[in-house]
Structure formats: C-alpha cells, structure tokens
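The values are calculated or read from the model by the stated rules, or taken from the named source; none is laboratory data. This structure is a prediction, so every number in the text was calculated from the model and none was measured. Heads up, the Cβs are rebuilt from the backbone with ideal geometry, glycines too, and the neighbour counts pull from every protein chain shown. Surface accessibility is based on the protein's heavy atoms, side chains included, excluding ligands, DNA and RNA. Shrake-Rupley method; radii C 1.70, N 1.55, O 1.52, S 1.80 Å.
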Amino acid sequence: MLRVVEMAAADLRSRGVDVDIRPVDDREDEAVAQEVAAELAADPRVIAVVGHKNSGPSKAAAPVYAEAGLAQVTPCATDNALSRSGWRTFFRLCADNERQAAVAAGHVHAWLPSARVIAVHDGTDYGRPLVEAFARHLEALSGNAVTVLAMRVGQEDFTAIVDFAKKGGAQVIDLGATEIESSKLMKALHGAGIRAMVVSSEGGPDNPIVRLAGAAGEGSIHTYAGSDPRATRASSELVRRCRFGETPSYVVECYDAVQVIASAVSSGASTRTAVRDAIAATDIEGIGGRIRFDSDGDRIDAPVSLWTIREGRMEPLGQAPQAPHPRRPSGAFGATSP
C-alpha cells in the first residue's frame, strides 16, 4: 500500500506537483499510532496524512490530527464511529461497516429471502459492529430473527458454534472477523458437513482468506469496502503497474487518497487549514470514480464490491448498487510539501 502511495506521488511529480511522502509505521498498535501521529503533526512540512490502515489506530490517531488541523484521508478504515466523532480533519474513501453490512444483507435476502441465518463475530471493535449491523439490516428486510453468536480472537475449538449451526439448520452464516478467524471457522463448518452460504467482509483481489480457508472457502461470498480494482480501464492499468506480487489491498483508494490531497494543493491551498477545507470541498474523478465527501468526511456513494471464491480464486461478482447517501475499520503516510 505504501508503494502505491509512493507511485501516486511520483506520478504527481512527473506532472510538476511538488509532493513527497514521509512513511511511518503504527505497527497496528493504538499507542504507537498516537506516537507516530504526534511525529507527523509536529513536522511543519506535513500537509496531510494518508491513513491509517486499520480502524483502531485510525481512531487513536484522529484526535491528534484534529488538534493539529492536519487532514487525515484513510483508504480503508471502516469503523462507523470514525466519521461520527466530530473530527473535522477525518475523511474516508472506502465504505464504512454499515454500508458493507447493508450490501451483504441485501445480497442474502435476494438469494434466500426466508433463510435461517446466524451471524458470528470475533468480539473486536471491527467484527462485532459489522455483524450486528448485518443482523439488523437482514431482519428489517426479511422479518426473520438473526441469531448472533460470538467467538474470540485466537479461538481454535468451534464445536459450540458448529453444533448450533447444525442443529438449527443454518442456511446462511455471516462472519465478522479477520481472514484468520474466519478461515478457521469456515474449515470447522466444512469439516462438519455444513454447506450453508458463508458471507464475510474479506473480499477483494488476493485476499489471503482464499489460501487460508482452502476448499472450505469455495462458494463463499465476500464484501469489499472499495472499488473492484479491475472494473475500469484506469484501475486495471493501475493494477498492471503494481508489480509487487499480490495486488495491494485498497490499491485504488490508496492511489486516490494522494489525488485528493494533490487536488487540494493544486487549488492553491498552502496551509493545513486550507488543505483541510479544500479536501472537504473535493469533487474530482478518481481512478475509482467520482470522489466527494459529506459533512462527516464520509465519501458520498462509497463503492462496495461483491466477490466469491471460485476454484481457488477470489472472483468479482460485481459492484453493489449504490444506496442513497444519508447526510449528517497499518501505517500512515504524511504528504509533505518540501
């Protein structure tokens, strides 16, 4: 992801925009995220931040950036609370958990409107709200109750969940967890002969859940809180240029985050306050489509794509329909003006 950001900055320099990147590593740790955010905030050359990758570090760093008036553009932190905490410096290019959950629920209801459904989360601030939102949306669509169960990070024995799914005849099992916990539960379900539709939020190109779940992942459905990077000619060309092995997660959003900041600078903004205000007024066509932000810093009509594992590959099912946008989840990269 850092290399994509650096590629975007190099492209800008080739067009005469004087911008450089200062990378920092939050180690996926909230305390470290606050420390590196303070470093960036203290550097007068830093005019905006791309990041953080994860919701926890993003939430920890956001008040530091807000106090410094330093715009933060995250490509992929999905926690709903990030845009609802009053930080005027926070902007998000990906969809939030609520939007992902609504898309997943809509897909399940379209295929199996009367299905018996359970939803399992890993107890984290990422997985639990995602599953709870899925259950709420599906119950509203179907009128049927969704049973919510919990596991924990690092869990190895899934007998209780497997037995519950088997006895209840679950036809759909929604997972709110990282690819590690999700893949372990998928293997346990598959090993018990349960062939329910499995839904998770681990979509996108080259997601490791394909490798981790193996045969247990075949046919599973996954949301991805970003654009399908092969959906347009421009994004396909970006993927072609990413000769890093696997296609980076949120490659489109990483590249477009730099474009958003550059657009603000190109409009004449030269101070942190001016850059923040210009980002808030963004209306540009990025690699992944039109980019605008609402008053909370969320991207208007943020894309969500649907994926499935087919013959050992993560394949796109397509972009989810855009819902009406209501007005009202490691690392960070500081864009510096030399």
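Within region 221-240, which residues are open to solvent by less than 20 Å² (accessible area, probe 1.4 Å) and touching a helix residue (DSSP H, G or I) at 6+ places or on another chain (Cβ under 7 Å)?
The answer is Ile221, Thr223, Ala225, Gly226, Ser227, Pro229, Ser235, Leu238.
List pairs: first residue in region 232-249 and charged (D, E, K, R), second residue in a loop (DSSP other than H, G, I, E, B) anywhere in the structure, Cβ distance under 7 angstrom, at least six positions apart or on different chains.
Going by the 7 Å Cβ cut-off, the qualifying pairs are Glu246/Asp206.
Are any of the residues in region 60-67 part of a strand (DSSP E or B) and either over 26 Å from Arg292 (Cβ atoms) or modelled with pLDDT of 95 or more (or both)?
No; the residues of region 60-67 include none that is part of a strand (DSSP E or B) and either over 26 Å from Arg292 (Cβ atoms) or modelled with pLDDT of 95 or more (or both).
State which residue is nearest to Leu40 (Cα to Cα) when the search covers only region 68-84 and only residues that are modelled with pLDDT of 95 or more and of a type in the set (Ser, Thr, Tyr).
Thr74
Would you check if there is a residue in region 160-180 being among the polar types (S, T, N, Q) and either within 15 Å of Val198 (Cα to Cα) or surrounded by 22 or more Cβ atoms within 10 Å (Cβ to Cβ) (or both)?
Yes, region 160-180 has at least one match.
Within the group Val239, Val252, which residue is under 29 Å from Ala104 (Cβ atoms) and touching a Lys or Arg at 6+ places or on another chain (Cβ under 9 Å)?
Details: Val252 fails: touching a Lys or Arg at 6+ places or on another chain (Cβ under 9 Å).
After ruling out the rest, the residue left standing is Val239.
May I ask you to list pairs of residues, at least six apart or on different chains, whose Cβ atoms are under 6 Å apart, with the first in region 155-176 being within 21 Å of Leu138 (Cα to Cα) and acidic (Asp, Glu) and the second being at pLDDT 95 or above and crowded, with 19+ Cβ neighbours inside 10 Å?
The qualifying pairs are Asp174/Ala119; Asp174/Phe134; Asp174/Val199.
Got at least one residue in region 84-95 being open to solvent by 10 Å² or more (accessible area, probe 1.4 Å), outside any loop (DSSP other than H, G, I, E, B) and over 21 Å from Asp283 (Cα atoms)?
Checked region 84-95: no residue is open to solvent by 10 Å² or more (accessible area, probe 1.4 Å), outside any loop (DSSP other than H, G, I, E, B) and over 21 Å from Asp283 (Cα atoms).
Spot the failing condition for Asp206; the list is (1) open to solvent by 20 Å² or more (accessible area, probe 1.4 Å); (2) out of contact with any strand residue (DSSP E or B) (no Cβ under 8 Å at 6 or more places or on another chain), and only one is missed.
Condition (2) is where Asp206 drops out.
Search region 124-149 for residues being over 17 Å from Ala196 (Cβ atoms) and in contact with a strand residue (DSSP E or B) (Cβ under 6 Å, 6 or more places away or on another chain), and hand back the single one that is surrounded by the fewest Cβ atoms within 10 Å (Cβ to Cβ). Reasoning before the result, please.
Within region 124-149, the first condition is being over 17 Å from Ala196 (Cβ atoms), and the residues that meet it are 124-130, 132-133, 136-137, 139-141, 143.
Those left that are additionally in contact with a strand residue (DSSP E or B) (Cβ under 6 Å, 6 or more places away or on another chain): 127-128, 130.
Working: Gly127: 25, Arg128: 17, Leu130: 31.
The selected residue is Arg128.
When region 1-19 is examined, which residues are found to be within 26 Å of Pro57 (Cβ to Cβ) and either open to solvent by 70 Å² or more (accessible area, probe 1.4 Å) or touching an Asp or Glu at 6+ places or on another chain (Cβ under 7 Å) (or both)?
Arg3, Glu6, Ala9
State whether one or more residues within region 243-251 are open to solvent by less than 30 Å² (accessible area, probe 1.4 Å), under 22 Å from Lys184 (Cβ atoms) and among the small types (Gly, Ala, Ser). Before the answer, list the steps.
First pass over region 243-251, keeping only residues open to solvent by less than 30 Å² (accessible area, probe 1.4 Å): 247-248, 251.
With under 22 Å from Lys184 (Cβ atoms) added as a condition, the list becomes none.
Scanning region 243-251, I find no residue that is open to solvent by less than 30 Å² (accessible area, probe 1.4 Å), under 22 Å from Lys184 (Cβ atoms) and among the small types (Gly, Ala, Ser), so the answer is no.
Checking Arg99 against (1) surrounded by fewer than 20 Cβ atoms within 10 Å (Cβ to Cβ); (2) modelled with pLDDT under 95; (3) of a type in the set (D, E, K, R); (4) closer than 30 Å to Leu189 by Cα, only one condition comes out false. Which one?
For Arg99, the exception is condition (1).
Scan (1) surrounded by fewer than 19 Cβ atoms within 10 Å (Cβ to Cβ); (2) in a helix (DSSP H, G or I) for the single condition Pro57 breaks and write down its number.
Here Pro57 clears every test but (1).
Conditions (1) in a helix (DSSP H, G or I); (2) of a type outside the set (A, V, I, L, M, F, W, C), marked per residue:
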| residue | (1), (2) |
| --- | --- |
| Glu6 | yes, yes |
| Pro23 | no, yes |
| Val32 | yes, no |
| Val36 | yes, no |
| Thr78 | no, yes |
| Val108 | yes, no |
| Pro113 | no, yes |
